[in-house]
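Student: One structure is given below, represented as structure tokens, and several questions about it will come after.
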Amino acid sequence: MIEINLLPEELKLKTKGRNPDQVVVKSPLALIQDRVFIYIIPVILVLFILVHLFFAVLFISKNGRLVSLNHKWMDLATEKKALDAFNREFSVSPQDAGLLAQLNRQRSLWAQKLNKLSLCLPAGVWFSEIIFNKSTLTIRGCVISLQKDEVSLINKLLDSLKTVPEFSNDFTSLELSNIQKRSLGGYDISDFILVGTLRPNK
């Protein structure tokens, strides 16, 4: 049997509950919020994974650098041990340091003397040997002169050396010890020996 309710809408009895066949339509804003929520979850998961990968790569890089630095430190430690052993073996005592300083000063003084020797050489005179034995300086040389004045050239050399402070102050005497003449290629050459005595306090 079919019942028809002809009452106006406001007078019709409202039934409790919801019709099972009734379709609920959501507002567009709610649909957008649902879609945003659905899309945002994967984005967050991807970001979370990327952050973890970044920190994992950073950790591996730092760990590798730490291992490399440790290897370098071990190598430097080995070299430092070798250097310390060398320093202990060849360490210079204060007495040795004083001796080395004295030798350095003497080396400097003798370098000056040798320089003065070369500057005082007259033309035609040259040295063949310079020997320092304890407190004696021996200079062997040769002289050649077309004017046959070999002896005067040697005396000129002696007079020049005696005026140089490096020799006049450090030597008690600087004299001609020996002279011998010989012939070479048709020229007369005189071989001479100069001997100087070093002062005791030098």
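The values are calculated or read from the model by the stated rules, or taken from the named source; none is laboratory data. This structure is a prediction, so every number in the text was calculated from the model and none was measured. Reconstructed Cβ throughout: ideal geometry from the backbone, glycine too, with neighbour counts over all protein chains shown.
Student: Restricting to region 153-194, give me the number of residues that are part of a helix (DSSP H, G or I) and among the acidic types (Asp, Glu).
Tutor: Restricting attention to region 153-194, the residues satisfying the condition of being part of a helix (DSSP H, G or I) are 153-163, 165-168.
Next cut, among the acidic types (Asp, Glu) only: 159, 166.
Residues flagged as part of a helix (DSSP H, G or I) and among the acidic types (Asp, Glu) within region 153-194 amount to 2.
Listed here are the residues, each with its yes/no results for (1) exposed (fewer than 10 other Cβ atoms within 10 Å of the Cβ); (2) outside any loop (DSSP other than H, G, I, E, B); (3) at pLDDT 65 or above.
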site	(1), (2), (3)
Ile2	yes, no, no
Thr15	yes, no, no
Pro20	yes, no, no
Leu29	yes, yes, no
Ile32	no, yes, yes
Ile40	no, yes, yes
Leu58	no, yes, yes
Leu69	no, yes, yes
Leu76	no, yes, yes
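Student: Just wondering, is there one or more residues in region 78-96 that are at pLDDT 60 or above and assigned to a loop (DSSP other than H, G, I, E, B)?
Tutor: Residues of region 78-96 at pLDDT 60 or above: 78-91.
Okay, now just the ones that are also assigned to a loop (DSSP other than H, G, I, E, B), so 90-91.
Among the residues of region 78-96, at least one is at pLDDT 60 or above and assigned to a loop (DSSP other than H, G, I, E, B), which makes the answer yes.
Student: Within region 142-190, which residues are in contact with a helix residue (DSSP H, G or I) (Cβ under 7 Å, 6 or more places away or on another chain) and either in contact (Cβ under 8 Å) with a residue 60 or more places away in the chain or among the basic types (Lys, Arg) (or both)?
Tutor: Lys162
Student: Ala123 is checked against (1) closer than 16 Å to Pro165 by Cα; (2) assigned to a loop (DSSP other than H, G, I, E, B) and fails just one. What number does that condition carry?
Tutor: Ala123 satisfies all of (1) closer than 16 Å to Pro165 by Cα; (2) assigned to a loop (DSSP other than H, G, I, E, B) except (1).
So that you can scan it fast, the table gives a plain yes or no per residue for (1) surrounded by fewer than 13 Cβ atoms within 10 Å (Cβ to Cβ); (2) modelled with pLDDT of 80 or more; (3) closer than 18 Å to Asn115 by Cβ:
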position: Lys134; (1), (2), (3): yes, no, no
position: Leu153; (1), (2), (3): no, yes, no
position: Lys156; (1), (2), (3): no, yes, no
position: Thr163; (1), (2), (3): yes, yes, yes
position: Ser168; (1), (2), (3): yes, no, yes
position: Leu174; (1), (2), (3): no, yes, yes
position: Leu184; (1), (2), (3): yes, yes, no
position: Phe192; (1), (2), (3): no, yes, no
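Student: Here is a follow-up. When you look at Gln102, is it within 30 Å of Ile154 (Cβ to Cβ), surrounded by 10 or more Cβ atoms within 10 Å (Cβ to Cβ) and modelled with pLDDT under 65, yes or no?
Tutor: Criteria not met by Gln102.
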